[in-house]
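Beneath this line is the structure, given in structure tokens, with notes to follow.
The values are calculated or read from the model by the stated rules, or taken from the named source; none is laboratory data. These numbers come from a predicted model, not from an experiment. In this analysis, Cβ positions are derived from the backbone assuming ideal geometry, glycine residues included, and neighbour counts consider all displayed protein chains. To get the accessible areas, we keep the full protein, side chains included, count just its heavy atoms, and leave off ligands, DNA and RNA. Shrake-Rupley method; radii C 1.70, N 1.55, O 1.52, S 1.80 Å.
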Amino acid sequence: MALNRVSQLCHDITRLWLQLKMMTDDIMHGEDGPLCAAEIGSELQKQFAILPGGRGISGRPIMVFPEFPEFSELEEQELQSVLGYLTSVPSGAASGVGFILVIDRRLDRWAAVRATLLRIAGSFPGNLNLVLVLRPTTLLQRTLSDFLFKFSRDEFKMKVVMLSSVTELHAYIDPGQLTRELGGTQEYHHESWISHRTAIEAFALMVKTTAQTLQAFGTELAETELPNDAEATTNLLHTHTLKKDTMKEDLQVALSQGGRLLDCINEPLQTDPEYSMTHDELENLETVQRLLGQLDETETAFDDFWEHHRTKLEQCLQLRHFEQHFREVRAQLDVTSERLSSFSEVSVSPAHGEHVLRELGGHEEKACDILDRAVSLACEGDRLIENSHYAEDSIRPKCSELRGVCDEISATLRCKKNLLLRAMEMHHSLEKASQWCEEGIFLLANQPVDRCQSQDGAEAALQELERYLETLPLHTLSDRSAICCQYESVLTTQLRDQVERVFQKQGSVQEMFEKRRISLKKLAAKQTRPVQPVAPRPEVKSPHSSPNQQRKERRYSADNAICKKVHVESPLLNGTRHASLSEEEENLAVLRRHVMNELLETERAYVEELLCVLEGYAAEMENPAMAPLIPSTLLSKKDVLFGNMSEIYQFHKRTFLKELEAYTDFPELVGRCFLERMKDLQIYEAYCQNKPRSESLWRQCSDCAFFQECQKKLEHKLGLDSYLLKPVQRITKYQLLLKELLKYSKGCDGCDDLQEALSSILGILKAVNDSMHLIAITGYEGNLSELGRLLMQGSFSVWTEHKKGHAKVKDLARFKPMQRHLFLHEKALLFCKRREENGEGYEKAPSYSFKHSLSMSAVGITESAKGDNKKFEVWCNSRDEVFIVQAATPEIKTSWVNEIRKVLTQQLKACRDARQPKNLDSVSMSPTSSSSSISLSPFRSSGQKNQKKQDEKKAEPSPTSDANFSSSPKHKVPAAHVTLSRVKWMSTSSLLQSKRQGWSKTSLSVDASEENDGYSSGEDPINSDPEDDGGKKLAQGKYTVVADCEKAGPQELSVKSGDVVQLIREGEDGQWFVRNLRSSKEGWVAAANLLSLISESKSSQSLSSSDGSVSGNISTSSSCSETYTSFSDIKP
């Protein structure tokens, strides 16, 4: 019905367009007719021929040729254009009866008149009825014209009448149809005539163009096929709406212009009501009115057609949205149905049943949301059908399908919930029966034995038993077959065994009660003499007991027989303790299962998010349809933006997720899965290294239409940058989950694997962190990968000292140390300068400018520098270069020393493997007062190896000791105990170089002199970075604090970075009394600390280094990204 209506509207628009086309073609003289007035405006302005609008006999149009002396000079093309245009202006009916030409040549000569007539005869394009010529008025020319016209009449080939005056002209044409120049009364303004013609023709052209556009647009709408997706439908509706609005604007413009033109034509009537329009003016008025009427009719038909087309597109969009939502809801219903089908409603205990019931409740909440959405979607489909949607046959089955699936899921939920409730009911019944049995056993065990010896006591005990047995029907299970039949739907093998155990326990307890009743009844009915009640005790036969004693014990044995059952069954009371222990283990198992479920659920969600990014963004970059939306900066940059995310997705989808699912029921063993795939997880290092480049590219293109369009398609609330961060978040999430599993798996089989997996994951995170720093190094000309694995990295304060030749030359001594970030590789130690952090996100990461490198094959270390437990020395080339390195804490210093020592030891082992032991010289120290030797170098001889244990007991070098020790050939070392603070570790090449220079074993082992030690006891080689400020000396004044410093004593002052302090006076022991101008607090601060903490706030104050050396400088910017366990001294 709707399609037939649209088709009819399309035919109506086509008909109206054809009518408009015919009318405009008539005005525009056809498609191949003469030019318009606007195109020959300059020729018309010459006014050598005009069409004033008058009519002669039989309504013949009158064309006037006014006086125009230059007529003979007109070009032929110019004359033909004007004549052709003027003959096309009157209507076809008027032009068909023929034109009347009035040629005014009263001021001309006969020769010019003759030439004009001949030229008009040869050039006039229309039907010519009569030519009236006002001949020359001068006597000679009039005589000549009378005489010569008779001979030339046949040459003109048209009817020509020579007139002597305008009076004679009035005999042929009514004066009312002539202009004032010809003695008539008609008002004619040539400029106004040209303006009207130009406006009418422009309006006709506009109407024709609008009609063509309307017809083309109507055809396009009628032939448009409905899209198959919501987005394309939305785009099509938007496109057509824009075109419709444009068409409406064109129509309104045409109607507005037509109205103005109509007012312009009617203007003479408005100023003079008695004004009589010419025939041409009347034709123009009729034409404009007819065009406006046709435009109004066309607009109405187009509006009706558009309304039906828009309704159809909107219904199509509603259908596509319905279908899209149907697919989404149907998929969610399938997932919910599958999840419910795989959900096990089996429970093994009341606690487990409650846990499973809570899990089912969680599934039910999720399912209810999906079911509500499905029901809402079905109701939406019903509304579409009620609104006469054209796709009713497609919508109705989908609504029925949704309701059917919802009913099925609801039934499954009810069934599983009922089964769980039945199982819970049975568990409670079994627990109630077991509790009754345990309380009965407790009752039997706690009945006083002495009361059983008397008749009254026996009767009281018997009544107590009888009262308890009265509760038997309320708390126990009666019929095994009835129970099995009643709970057949929930009975599993384990539950059947549990039922059997409860029935057996009930039978045993009832048997015990029955035996006790029989015994008590006998005691209550037996009339015997009173006996002394004796508390029951175990029978212990001693080899030294007398026969009388044995007979006495046998006499009481009969009385104790009735109570033995209680003592024999007393071990049943221990069941409570075992049950408590089992419950605790069960709780831990439940917690492990929770963590495992979280691991699996988040892993599945993670895989889905990666797939969504790869398909919704990465794949769309290759889509030709999306190519126009991609900015130039993003072209061919997919690998930069997404890194190796595809590789990460394939690993998790195909391998890791499946292997994790295999450990669903054994969460404590999942550490093995991580250990087996630890090498594969290292792919995250490449992703994290690429992250800064990806972040930078994203910031350049984040606002482009491509990302917005992809996000709109995916219906994501967050942008792509949030999803690009998912791999970084995921690799850090694993260590948290492993920690949780480890906490709940103490004592389990896989505990060690979990601990090892956690350590390995933390190692990967450290490697990723180190690599992020490593890629920020700039200025290094070599290949960083050739330096071996990065072992450690961190920030330190560094002083340097150099020797040139035999004379020691220091850099300019300055108080402020160089701040350097050190990178320890297997083959080299790099010194870099940390640059300021700029940008946002990953772009805020620091950069490092390369300054210096030391080959580890030529490096030696001194583990303590002048008693400072945070300093150590790194030197090379026989101490030609010495770097004093100060860490932030002693622990960081120890970890670095141990790691460097480990590298040097590995070099030593490699050297030993390459050389025979006899080619290596031992480096040791031989005290004169002791027969034992203490080695300070990692190089040991074979003889030293044999005395390894003895050496370890007698002397152990301490790398972190605060005591200074300097030896010379005359110094004697005590044999009992030696503490050495300056222990040197040298590389193999450094040792061999030292040998070539003639160093003795003692000089290699102990810092014997300034030559070997690198600095004397009276000075500390402290200097600063040439890029930093020069050396300074403290003076009274105001300073700005550039680093934080906490107070170490009650009288000291703590300051923060940015505080302004005033140095008041210098005290003893190198301390200054300082006032914090921000907090108004005062206290003492060590001068050594002030030198590294403050900067000048006045340019007039100056500091110098002339006061000598300063020890204990504090480096507030030193940091270390990792803290390692200190290794013990290496003893090869």
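Assorted remarks:
- Gly788 sits among other residues whose Cβ lies under 14 Å from its own Cβ, and their net charge, with Lys and Arg +1 and Asp and Glu -1, is -1.
- Cα lying deepest toward the dipole's positive end in the range 384-528, options Gln504, Gln447, Thr476, charges on Cβ: Gln447
- Once backbone amide H atoms are built at 1.01 Å from N, Gly184 has Thr179 as its partners under 5 Å, excluding neighbours fewer than 5 places away on the same chain.
- Taking all Cα pairs closer than 8 Å and separated by 6 or more residues, the relative contact order of the range 344-404 comes to 28 percent.
- Order by protection proxy (mean Cβ within 10 Å, highest first), peptides 106-115, 659-668: 106-115, 659-668
- Alpha-carbon centroids, the range 214-287 and the range 677-712: separation in whole Å: 53
- Projected label distance in nm at Gln755 and Glu314, using a 7 Å step from Cα toward the beta-carbon: 7.1
- Over all other residues within a Cβ to Cβ distance under 15 Å of Ile385, the charged ones net out to -3, with Lys and Arg as +1 and Asp and Glu as -1.
- When the Cα positions of Leu600, Leu588, Asn644 are compared along the charge dipole of the range 586-650, Asn644 comes out farthest toward the positive end, with charges on each C-beta of Lys, Arg, Asp and Glu.
- With each label modelled as a point 7 angstrom along the Cα→C-beta vector, the Arg915-Ser164 pair spans 14.8 nm.
- The listed residues Ser337, Ser878, Ser72, once ranked by accessible area (1.4 Å probe) with the largest placed first, stand as Ser72, Ser337, Ser878.
- Val728/Asp703 FRET efficiency (R0 22 Å; Cβ-Cβ; nearest 0.05): 0.40
- Relative packing of peptides 691-704, 727-740 - highest average C-beta neighbours within 10 Å first: 727-740, 691-704
- Net charge in the neighbourhood of Leu130 (other residues with Cβ under 11 Å of its Cβ; Lys, Arg +1, Asp, Glu -1) is +2.
- For the set Lys871/Lys1056; Lys816/Lys871; Lys679/Lys743; Lys870/Lys1038, the pairs lying more than 18 angstrom apart at their alpha carbons are Lys871/Lys1056; Lys679/Lys743; Lys870/Lys1038.
- Between Phe343, Gly381, Val356, the Cα set farthest toward the positive side of the dipole of the range 324-399 (charges on each charged residue's Cβ, about the Cα centre) is that of Gly381.
- Cα-based shape type of the range 315-377, given that a ≥ b ≥ c are square roots of the gyration tensor eigenvalues and the cut on a/c is 1.5: prolate
- Annotation: extensible slack from Leu282 through Ile385 equals 31.4 nm (criterion: 0.36 nm per residue apart, minus Cα-Cα distance).
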